[in-house]
Amino acid sequence: MNIGKRLQTIRKAHGLSQRELASRAGLTNGTISLIEKDRTSPSVASLKSLLDAIPISIAEFFADIEETAEPKLFYLPHEFIEVAPKSGPAAVSLRQLGNASTHALQLLDESYPPKADTGPELLSHIGEEAGIVIEGQIEVTVGDVVKVLGPGAGYLFDSREPHRFRNVGTTVCRIISACTPPTF
């Protein structure tokens, strides 16, 4: 998916100029311009701030625009939707199961390379979030509480609390997580 073009289309559909969106999101209009021209990729936190300013959820932003007559029940690995804005070997991968904008639950297969994180800004959105670390280590910040979790450990919190995820280990960290409602 061309994130910049998609952002530009949604911004214009909501009648927002780059300056207005930048002001609402706490970013510069130059940053919006670079993202829309695909000259830079936003962090997960920056994309969340931009979409909150429109307002639209990440699930809606990455929603599959094709509608089928019958609900899809099963998904192969290549059918998951990548909802992380950055790509490359050091980028966070957030693979969403199905189109979360049409369900009450968002399920993600998350992958954090060493030193990767969700961005410098803390995330905050309506809902509850839970996850279980499958492999590696992840530092989870929720409000003022910081905890490093390893395989088999999990978390569950109110997503309105500012939060952040960061791989502090030396290997890839994988997490299976859920958010309800799918407001992320």
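For Thr31 and Asp158, a Förster radius of 35 Å and the Cβ-Cβ distance give a FRET efficiency of 0.75, rounded to the nearest 0.05. Residues whose amide H comes within less than 5 Å of that of Ser159, counting only those at least five positions distant or on another chain, are Gly127, Glu128, Glu129 (H built at 1.01 Å from N in the peptide plane). In the elastic network of the chain, a GNM with C-alpha springs shorter than 10 Å, the most mobile of Ala153, Ala13, Ala116 is Ala13. For the pair Arg24 and Lys72, what calculated FRET efficiency results from E = 1/(1 + (r/R0)^6), where r is the Cβ-Cβ distance and R0 = 30 Å, to the nearest 0.05? Once the sixth-power term is evaluated, E becomes 0.30. Residue by residue, segment 96-112 carries 3J(HN,Hα) couplings of 8, 7, x, 9, 5, 5, 10, 9, 8, 9, 10, 10, 10, 9, 9, 9, 10 Hz when phi is fed to the Karplus relation 6.51 cos²θ - 1.76 cosθ + 1.60 (θ = phi - 60°); x denotes Gly or Pro.
Which of the trypsin sites (Lys or Arg not before Pro) found in segment 45-153 are loop residues per DSSP with 14 or fewer other Cβ atoms within 10 Å of their Cβ? Don't skip to the end; give the middle numbers.
Working: sites: Lys48, Lys72, Lys86, Arg95, Lys115, Lys147; in loops: Lys72, Lys86, Lys115.
When the trypsin sites (Lys or Arg not before Pro) of segment 45-153 are filtered for loop state and at most 14 Cβ neighbours within 10 Å, Lys72, Lys115 remain.
How large is the dipole of the chain about the Cα centre if only Lys and Arg carry +1 and Asp and Glu carry -1, each at its Cβ, rounded to the nearest 20 debye? Don't skip to the end; give the middle numbers.
On the way: 18 positive and 22 negative charges, 140 e Å.
The dipole magnitude comes to about 680 debye.
Within 10 Å, at most 11 other Cβ atoms, and a DSSP state outside H, G, I, E, B define an exposed site. Report the longest part of the chain free of exposed GluC sites (Glu not before Pro).
Working: sites that count: Glu66, Glu67.
Longest stretch, sites excluded: 68-184.
Once the mean of 1/r is taken over each pair of separate Cα atoms and inverted, the chain shows a Kirkwood hydrodynamic radius of 16.9 Å.
Estimated purely from DSSP H runs of n ≥ 4, each contributing -39500 (n - 2.57), the mean residue ellipticity at 222 nm for the chain is -6000 deg cm²/dmol once divided by its residues. For Lys86, the lysines whose Cα falls under 22 Å of its own Cα, not counting residues fewer than eight places away in the same chain, are Lys5, Lys37, Lys48, Lys115. The residues of the chain expose on average 53 square angstrom of accessible surface per residue, using a 1.4 Å probe on protein heavy atoms.
Can you pull out the chymotrypsin sites (Phe, Trp or Tyr not before Pro) in segment 59-129 that DSSP calls coil and that have at most 14 other Cβ atoms within 10 Å?
Numbers: sites: Phe61, Phe62, Phe74, Tyr75, Phe80; in loops: Phe62, Phe74, Tyr75, Phe80.
For chymotrypsin sites (Phe, Trp or Tyr not before Pro) across segment 59-129 that sit outside H, G, I, E and B with at most 14 neighbouring Cβ atoms in 10 Å, the list reads Phe74, Tyr75.
Take the Kirkwood radius over Cα pairs of segment 1-87, plug it into Stokes-Einstein at 10 °C and 1.306 mPa s, and you get 115 µm²/s for translational diffusion.
The values are calculated or read from the model by the stated rules, or taken from the named source; none is laboratory data. As the structure is a prediction and not an experimental result, all values here were calculated from the model. Note that we place each Cβ from the backbone using ideal geometry, even for glycine, and neighbour counts take in every protein chain shown. The accessibility values were calculated without ligands, DNA or RNA, using every heavy atom of the protein model including side chains. Shrake-Rupley method; radii C 1.70, N 1.55, O 1.52, S 1.80 Å.
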